[in-house]
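What follows is a set of notes on a single structure, which appears directly below.
Derivation of every value follows stated rules applied to the coordinates shown; laboratory data play no part. From a predicted model like this one, the values you see are computed outputs, not experimental measurements. Glycine also receives a Cβ, built like all others from the backbone with ideal geometry; neighbour counts cover every protein chain displayed.
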Amino acid sequence: MTAVESATGAESRRLPVRYPLTSYFVVAFAFSWIIEVPLALATLGVIPSIPVAVVAIAIVVATFGPLIAAFLVTALIEGGPGVVALLRRFVRWRVGVRWYLAVLVGIPLVIIIGTLLVPGAGESFDPSALAALVGYPMAFLMTVLLGGPLGEEPGWRGFALPRLQERHGPLRGSLILGVLWAAWHLPLFWSGVWTPPTVANIAMFTVMIMALTIIMTWVFNNAAGSLLIMILMHASFNTFANRVAAPLFPAPIFTDYGLLPVLIGFGITAVVLIAVTRGRLGYAATTDAPGSEPVR
């Protein structure tokens with residue numbers, strides 16, 4: 001190895017140490033978008049079409065970009081001890097029963113309330129769709145494993161949020177994370193598997209994700225930074241909104257604006273949390289430390 005190559009390698013290793021958040025987001029976006037952008041281009045007819053089965057597998061693989069980025073950058077800046085500390089947060093389950101209820105029951109209630117506030121939603125209630133609850137546990141498990149929570153939360157909440165809160169505070173840090181989390185999803189709008197990529201849909205999705213991020217930050221800070229709780233919360237939202245709420249309330253307005261109920265529910269909840277906690281969202285300097293106790 002030449003002196004130039006050695007210096008280049010040393011500099012590349014120092015970059016994550018100097019810019020951990022930038023390094024994380026670059027890796028997370030790059031891994032996922034390298035997979036998802038071709039899917040969008042194929043849907044738009046720019047490149048040849050891709051078989052449906054390949055598209056489904058590719059989207060699942062792409063969801064693991066944040067996880068890969070989190071562990072890679074953590075290994076580079078903190079070494080083995082940092083990786084072990086991150087892994088331990090996957091099994092941090094002693095956080096109080098109320099936080100399990102908040103993510104498994106509270107999130108569905110917020111979605112239902114947001115739905116009922118949409119004009120015409122209540123009248124469209126279809127009780128026959130309650131049969132979907134029979135398969136809810138299996139749908140929930142599949143969402144955890146393949147639908148995004150397991151691949152995303154180690155990055156968004158495991159790596160990025162603690163550092164964003166430390167640098168920018170809980171509210172501003174959450175807003176920054178929300179915008180970046182929403183932007184990371186953008187290629188999916190053109191992949192043919194999501195709602196049409198209209199300005200309204202993208203705007204509603206971005207605001208909804210920002211509101212959800214604020215709520216998740218509050219739970220994260222009160223649940224001692226448990227990634228288990230974050231994964232369950234992410235899965236609760238995805239599974240209930242798509243598998244239960246949508247079939248239960250097939251109002252015509254949801255055909256074009258399917259994000260409206262969760263936008264309303266999460267938006268109201270986020271505003272209330274900001275007001276009640278005065279923007280602190282349960283944050284304290286020790287919240288993100290391994291082994292720290294929940295902060296109210």
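General observations
- In sequence order, the stretch 144-153 has phi-based couplings of 4, 7, 10, x, x, x, 5, x, 9, 4 Hz under the Karplus curve 6.51 cos²θ - 1.76 cosθ + 1.60, θ = phi - 60°, and Gly or Pro positions carry x.
- Exposure proxy ranking for R89, R278, based on other Cβ atoms within 10 angstrom of each Cβ and starting from the fewest, stands as R278, R89.
- Charge dipole (the chain, unit charges on Cβ, about Cα centre) - positive-most of L260, I59, G178: G178
- A P(r) calculated from all alpha carbon pairs of the stretch 3-277, with 10 Å bins opening at zero, reads 6, 27, 35, 23, 7, 2, 0, 0 percent.
- As a rough guide to protection, the peptides 174-182, 223-231 ranked by mean Cβ packing within 10 Å, highest first, stand as 223-231, 174-182.
- Phi-derived couplings, Karplus 6.51 cos²θ - 1.76 cosθ + 1.60 at θ = phi - 60°, listed residue by residue for the stretch 203-220: 5, 4, 4, 5, 5, 4, 5, 5, 5, 4, 4, 4, 5, 5, 4, 4, 5, 3 Hz, with x used for Gly and Pro.
- The stretch 142-199-the stretch 18-41 distance, computed between alpha-carbon centres (Å): 12
- For the stretch 1-139, diffusion coefficient by Stokes-Einstein and Kirkwood Rh (Cα), 20 °C, 1.002 mPa s, µm²/s: 107
- Per-residue extension of 0.36 nm, minus the Cα-Cα distance of R14 and I253, leaves a gain of 80.9 nm for this segment.
- Placing +1 on the Cβ of every Lys and Arg and -1 on the Cβ of every Asp and Glu, with no other charges, gives the stretch 3-277 a dipole of roughly 820 debye about its Cα centre.
- Interatomic Cα distance distribution for the stretch 133-235, bins of 5 angstrom, percent: 2, 12, 20, 22, 19, 14, 7, 2, 0
- 5 angstrom amide H check on A224, placed H, neighbours 5+ away: V295
- In order along the stretch 228-239, the Karplus-derived 3J(HN,Hα) couplings, from 6.51 cos²θ - 1.76 cosθ + 1.60 at θ = phi - 60°, round to 4, 5, 5, 5, 5, 5, 4, 5, 4, 5, 4, 5 Hz, and Gly and Pro are given as x.
- T198-R94 FRET efficiency (beta carbon distance; Förster radius 35 Å; 0.05 resolution): 0.20
- Selection among Y24, V207, P197 by position relative to the dipole of the chain gives Y24 as farthest towards the positive end (Cβ unit charges, Cα centre).
- Scoring 197-205, 80-88 by mean Cβ neighbours within 10 Å over their residues and listing the highest first yields 197-205, 80-88.
- Hydrodynamic estimate: the Kirkwood radius of the stretch 109-157 over Cα pairs, inserted into Stokes-Einstein at 25 °C and 0.890 mPa s, corresponds to D of 185 µm²/s.
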